[in-house]
Amino acid sequence: MNPVEVYIDNQPESHRALWLHLRWFILSRYDDVKEGIKYRIPFFMLKGKNWIYLNPREGGIDVSFLNGTRMIDVQSHLRIDGRKNVGSYFVPSLEELNQNELEFLIDHSMHEHLGRF
C-alpha cells in the first residue's frame, strides 16, 4: 500500500468509503495527478504542484483547493474562512456528496491551476 492508502485505511470505518471515493475521483480526473502525504494528510499534485488536499473534519471531509480564493466564479460553493489561498468544499458523507458539483469545482480548479503554470 502507498502512504495515502495507509492513511485512508487508518480512518474511521464510517467514513472510509467516502475517503476512497474522493481519492479515486480526484485521481481519475486527469492523467497528471499524483498523490502523497504532506502535513500528515493526503495531497494531490497536478503537473508537479500542490493542488488539492483532503482534510478530515468533524462529520465529514473537506476537499480543499489550494487555489480556492482565485476561483471567483465558484466561491459561493467554498468555505474560505479568511484564508489567503485555500477554499474548502465540505462533504459530510458519500450519500450526501453532490458528484456534479464536486466535478464542476475540480474542473474549475484544474483550469485555474494550469493557467498559472
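The condition of being touching a residue at least 12 places away in the same chain (Cβ under 8 Å) and touching a His at 6+ places or on another chain (Cβ under 7 Å) does not hold for Glu35.
Before we move on, is Leu94 part of a loop (DSSP other than H, G, I, E, B) and at pLDDT 90 or above?
Considered against the rule, which asks whether it is part of a loop (DSSP other than H, G, I, E, B) and at pLDDT 90 or above, Leu94 comes out as yes.
Among the residues of segment 78-95, those identified as touching a residue at least 24 places away in the same chain (Cβ under 8 Å) and out of contact with any Asp or Glu (no Cβ under 8 Å at 6 or more places or on another chain) are Leu78, Pro92, Ser93, Leu94. Each residue in segment 81-99 was checked for being under 16 Å from Trp51 (Cα atoms) and aliphatic (A, V, I, L, M), and 1 pass.
Counting only strands (runs of 3 or more DSSP E) that sit completely within segment 32-86, those holding 2 or more residues that are touching a Leu at 6+ places or on another chain (Cβ under 7 Å) and not charged (D, E, K, R) correspond to 41-46, 49-57, 60-65.
Can you confirm whether segment 83-99 contains a residue that is over 18 Å from Val4 (Cβ atoms), among the β-branched types (Val, Ile, Thr), surrounded by 14 or more Cβ atoms within 10 Å (Cβ to Cβ) and within 13 Å of the chain's Cα centre (by Cα)? The answer is yes; a qualifying residue exists. Within segment 62-76, if we keep just the residues that are touching a helix residue (DSSP H, G or I) at 6+ places or on another chain (Cβ under 6 Å) and at pLDDT 85 or above, the residue that is nearest to Glu101 (Cα to Cα) turns out to be Phe65. If the condition is being within 18 Å of Tyr89 (Cα to Cα) and of a type outside the set (A, V, I, L, M), then segment 17-38 contributes Trp19, His21, Arg23, Trp24, Phe25, Arg29. Here is the figure for segment 12-27: residues that are free of Cβ contacts under 8 Å to residues at least 60 places away in the same chain and under 19 Å from Lys49 (Cβ atoms) total 2. Restricting attention to segment 19-56 and to residues that are of a type in the set (Lys, Arg) and surrounded by 14 or more Cβ atoms within 10 Å (Cβ to Cβ), the residue that is farthest from Gly115 (Cα to Cα) turns out to be Arg23. Of the residues making up segment 1-11, those that are under 23 Å from Pro92 (Cβ atoms), assigned to a helix (DSSP H, G or I) and either touching a Ser or Thr at 6+ places or on another chain (Cβ under 7 Å) or touching a residue at least 24 places away in the same chain (Cβ under 8 Å) (or both) are Val4, Tyr7, Ile8. Restricting attention to segment 50-75, the residues that are more than 23 Å from Leu18 (Cα to Cα) and hydroxyl-bearing (Ser, Thr, Tyr) add up to 1.
The values are calculated or read from the model by the stated rules, or taken from the named source; none is laboratory data. The model shown is predicted, which means the values in this text are computed figures rather than measured ones. We place every Cβ from the backbone using ideal geometry, glycine too, and count neighbours over all the protein chains shown.
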